[in-house]
Amino acid sequence: MSNTHKDYAGAKLGMWLFLFTEVLLFGGMFVLYAAYLHEYRADFHVGGKQLDVFIGTLNTVVLLFSSFAIAAAITFIQQGKKKLAVNFTYLTIACAGIFVINKTIEWRAKFHHGIWPDSPHLREMSHGENIFFGLYFLMTGLHAVHVVIGAILLSVMVWFMKKDVINQQDFVKLENAGLYWHIVDLIWIFLFPLFYLVL
């Protein structure tokens with residue numbers, strides 16, 4: 001039992017160290033955003049008005065619910081309720097799919113209006129708006145990649161649960177996947193007001 005506990009602690013520590021690098025990555029971009037916001041506040045406000053607040057809000061609700069779902073899945077596997085754990089993990093994956101679909105719809109609308117990195121229409125806008133949309137595509141795009149990675153990771157967790165690799169006695173893999181998903185959710189909680197509610 002002591003060896004199992006040691007492996008469990010090491011796995012958790014390893015995941016926290018990895019998540020710390022993710023926080024550093026996005027933290028650096030948040031600092032960059034703050035610096036440009038200070039210089040181009042009016043242009044950032046104009047840029048934010050061109051984003052779809054409804055889709056942004058919907059995606060926020062979807063991710064918040066997905067965090068509840070994966071937390072419930074972890075609780076269920078700890079209680080030995082494997083079927084419920086699998087179903088709630090599937091629910092989290094479905095939320096990831098909804099998020100990516102909504103983000104795709106939003107990006108397609110921007111492309112339809114001629115707004116994409118280095119587009120002719122974007123070059124006609126002010127320098128501040130160029131920076132705003134550059135950061136928007138970079139940061140929300142990178143976040144969307146993390147959502148897709150999270151969905152793949154959770155799909156593997158479902159397979160592990162079905163194969164009894166993850167069970168009531170050994171659930172650290174699902175816990176770590178849940179931690180990753182919570183970080184993805186938390187990052188969006190910061191991205192949403194920065195881009196969609198910028199004042």
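Taking the protein heavy atoms of the chain in the context of the full set of protein chains, the accessible area attributed to carbon and sulfur is 71 percent at 1.4 Å. For the chain, the 222 nm mean residue ellipticity estimated from helices alone, with every DSSP H stretch of n ≥ 4 adding -39500 (n - 2.57) and the total spread over all residues, rounds to -30000 deg cm²/dmol.
Calculated FRET efficiency, Leu197 to Trp159, Cβ-Cβ distance, R0 = 41 Å: about 0.60 to the nearest 0.05.
The gain in end-to-end length when the Ile152 to Thr104 segment is fully stretched comes to 15.5 nm, 0.36 nm per residue minus the alpha carbon separation.
Using the Cβ-Cβ distance between Leu25 and Lys83 with R0 set to 35 Å, the FRET efficiency works out to roughly 0.45.
Here is what passes the span test in the chain: the DSSP H helices with alpha carbon length of 15 Å or more along the helix axis and a Kyte-Doolittle mean of -0.5 or above are 2-39, 53-78, 82-112, 127-162, 172-196. Could you tell me which residue out of Met15, Val198, Leu174 lies farthest along the dipole of the chain toward its positive end? Charges go on the beta carbon: Lys and Arg +1, Asp and Glu -1, centred on the Cα centre. Going by the Cα projections, it comes out as Leu174.
Between Leu186 and Phe65, the simple label model (points 7 Å from Cα in the Cβ direction) yields a spacing of 2.4 nm. Listed by chain and number, the lysines whose alpha-carbon sits under 21 Å from that of Lys162, ignoring those within fewer than 8 places in the same chain, are Lys81, Lys82, Lys83, Lys173. Straight Cα distances below 19 angstrom link Lys49 to the lysines Lys103, Lys110, with same-chain residues fewer than 8 positions distant left out. Each pair of Cα atoms in the chain enters the Kirkwood radius, and Stokes-Einstein at 20 °C and 1.002 mPa s then converts it into a translational diffusion coefficient of 118 µm²/s.
Entry comment: accessible area of the chain is 52 Å² per residue, from protein heavy atoms only and a probe of 1.4 Å.
The values are calculated or read from the model by the stated rules, or taken from the named source; none is laboratory data. On a predicted model such as this, the values are computed, not experimentally measured, just so you know. Positions of Cβ are generated from backbone atoms using ideal geometry, with glycine treated the same way; all protein chains shown enter the neighbour counts. Areas reflect the complete protein model, heavy atoms only, side chains present, ligands, DNA and RNA absent. Shrake-Rupley method; radii C 1.70, N 1.55, O 1.52, S 1.80 Å.
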